[in-house]
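Taken together, the values in this text are just the output of simple stated rules run on the coordinates, not laboratory data. Please read these numbers as outputs of a predicted model, since none were measured by experiment. All Cβ positions, even for glycine, are placed from backbone atoms using ideal geometry, and neighbour counts span all protein chains on display.
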Amino acid sequence: MLPTASQAKDSKKDRNADPRPNILLILTDDMGKECLGTYGSTYHTPNLDRFAEEGVKFNYATAQPLSTPSRVELLTGRYNYKNYSRFGFMNQDQHTFAQLAQQAGYKTMIAGKWQLGTNSKLPAHFGFDNYCLYHLRYKGNKYAQPLFEADGVMHDNCTQDDYGPDYFSNYVMNFMEENKDRPFLAYYAMTLVHDPFNPTPESDDWNIDPKLRFTAADKYFPDMVSYCDKIFGKLMDKLDELGIADNTIVIFVGDNGTAQYINTPMKDGSVVQGGKATTKETGTAVPMLARWGKYDLKKHTTVDMMDFTDFLPTFAEAMQVKVPQDWDVDGVSFLPVLKGEKNPNAREWVFVHYKANHVPQAGLEKYAARYFKNRRYKLYSNEEFYDFVNDPEEQRPIGVGKGTPEAEAARKQFQALMDQLPEWKFTDDNVPMVVLPGLEPEHVGGGRDYVKPAKK
């Protein structure tokens, strides 16, 4: 029987006595499947491609179409209709996998992008012992000359030569080194490859003129993908250097599809347009690679489906603790897949409930949708039904009774599942915001709005 979280917390911290794995979750920002070489891209991603050959490549990983909805679902293991109130915020009564890890005796950390509320106490509230974050209270730059906050200290002295992703990834590596002798959970929410598409330190333009480091142009997007790959390789090398790679679960996954104005050339000659913020496959089908170092897998690709509710129960199983029933988690563990085993609870379908709750001028509310899908068919709550493999743009809905026997069986299954859900209309009010005392929003603005506190 698995120990409870409180029992696990009392276990010895030394690694010889606690063989449970470390967990390193790397979430890249706005990167669809088409961006990695292992999925057919022409972009330069050698480290990630090699990792795919050593671990498990998920061909059917599904995220939410936009950043905050994905992050809320990932952290809580719950579908958005239960707890997602609005963009850039997570209700403060929610439970996270970081809180569960703390209760299990793990050391926890988050670095990179936050976007879940503007109060410096929130990382600790949601279960993170340490943090190094962009967009916690102040927006500033995230690439050249970054503005970020780390463990209560504002870092506002960076120069044009400094690059945010280097700071965040170095923080992750320092955390892993400091905690190499005890179980840890490190969540690195990358700022790459989200716009603005700026030069990286390895771009030709970086060294021509410092002003160009703040220039945004689509031509820099491949450079950003490549730098994301470089950082990933650096993190993997650090695990090897520390001697903890075999006992570390590493997961690399995208938070949603690529920006709609990015067109990615593929090795087969096709071009894939990004689908971020839409419920098409290019908006929700994300790259996902994983490895638990001590397992020598014979099969490196899985057709098992997963969605973002599945991370919390997977981490719970790895940490050998039970998820409290009152957390009302929707996901299922995919840990057996990381061991090279058949997953007895493998999904037959995934569910997406998406409402951007974004600023009105963004025009994203028109994409609000709820649907079930398997590896080929998709049923929306308005009863539109598609074969998205043969109709990726979803232009040819299949009428009732007009599909193949396989299609009609899927429609019937999805409709039965849809009928079990609480009624929802695109025009429904948002989920109410929950703000707890002492965690009220603090000032948030651009870097120029930040005023460095006077020295005491």
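Summing +1 for each Lys or Arg and -1 for each Asp or Glu, what net charge is found among the other residues whose Cβ lies under 14 Å from the Cβ of Val434?
Around Val434, the surrounding residues sum to +1.
Would you mind calculating the gained length between Glu393 and Glu348 on full extension (0.36 nm times residue separation, minus the Cα-Cα distance), in nm to one decimal?
In short, 13.9 nm is gained.
Go through the stretch 177-186 residue by residue and turn each phi into a ³J(HN,Hα) via Karplus (6.51, -1.76, 1.60, θ = phi - 60°); whole Hz please, and just put x for glycine and proline.
5, 5, 10, 5, 9, 8, x, 9, 10, 10
Compute the label zone of Lys412 within the stretch 357-396: residues whose backbone N is under 19 Å from the point 7 Å along Cα-to-Cβ.
Within reach of a label on Lys412: 372-380, 383-387.
If r is the Cβ-Cβ distance from Asp328 to Glu442 and R0 is 35 Å, what FRET efficiency results, to the nearest 0.05?
After rounding to 0.05, the efficiency reads 0.75.
Using a 10 Å cut-off around each Cβ, can you sort Phe315, Phe426, Phe232 from fewest to most neighbouring Cβ atoms?
Ascending Cβ contact count within 10 Å gives the list Phe426, Phe232, Phe315.
What does a probe at Thr159 reach in the stretch 200-228, counting residues whose amide N is under 13 Å from the point 7 Å along Cα→Cβ?
210
Given Lys113/Lys366; Lys298/Lys378; Lys280/Lys373; Lys57/Lys299, which pairs have Cα atoms separated by over 21 Å?
Values: Lys113/Lys366 26 Å; Lys298/Lys378 32 Å; Lys280/Lys373 11 Å; Lys57/Lys299 9 Å.
Check vs 21 Å cut-off fails for Lys113/Lys366; Lys298/Lys378.
Taking 7 Å along the Cα-to-C-beta vector as the label spot, tell me the Phe214-Asp195 distance in nanometres, rounded to one decimal.
1.9
Using θ = phi - 60° and the Karplus relation 6.51 cos²θ - 1.76 cosθ + 1.60, list the HN-Hα couplings for the stretch 378-391 in order, rounded to whole Hz, with x at every Gly or Pro.
9, 10, 8, 5, 8, 6, 5, 9, 9, 9, 6, 5, 8, 9
Which GluC sites (Glu not before Pro) from the stretch 170-210 combine a DSSP loop assignment with at most 14 other Cβ atoms within 10 Å?
Within the stretch 170-210, the qualifying GluC sites (Glu not before Pro) (loop, at most 14 other Cβ atoms within 10 Å) are Glu202.
Could you name the lysines in cross-link range of Lys219, using Cα to Cα under 21 Å and dropping any fewer than eight places away on the same chain?
Cα-Cα hits under 21 Å: Lys33, Lys142, Lys211, Lys230, Lys267, Lys276.
Which value at 222 nm does the chain reach when only helices count, each DSSP H run of 4 or more adding -39,500 (n - 2.57), with the total divided by all residues and rounded to the nearest 500 deg cm²/dmol?
Counting only the DSSP helices, I get -6500 deg cm²/dmol.
Answer with a single label: of (i) 41; (ii) 37; (iii) 59, which was calculated as percent of Cα pairs over 32 Å apart from the structure in view?
It is the value labelled (ii).
Collect residues whose amide H, placed 1.01 Å from N in the peptide plane, falls under 5 Å from the amide H of Gly32; neighbours closer than 5 in sequence don't count.
The list, which skips near neighbours in sequence, is Thr258.
Could you calculate the contour length gain from Glu365 to Ala124, that is, 0.36 nm times the residue separation minus the distance between their Cα atoms, to one decimal place in nm?
Stretched out fully, the Glu365 to Ala124 stretch lengthens by 83.6 nm.
As a footprinting exposure proxy, order Asp156, Asp429, Asp246 by other Cβ within 10 Å, with the fewest listed first.
Details: Asp156 16, Asp429 5, Asp246 12.
So the residues, fewest neighbours to most, are Asp429, Asp246, Asp156.
Whole-Hz Karplus ³J(HN,Hα) for the stretch 326-337, in order, using 6.51 cos²θ - 1.76 cosθ + 1.60 and θ = phi - 60°, x for Gly and Pro?
Here the 3J(HN,Hα) series is 6, 6, 6, 7, 9, x, 10, 6, 10, 4, x, 4 Hz.
Near the amide H of Leu185, under 5 Å away, which other amide H atoms are found, from residues 5 or more places off or on another chain, if H is placed in the peptide plane?
It is Ile23, Lys107, Thr108, Met109, by chain and number.
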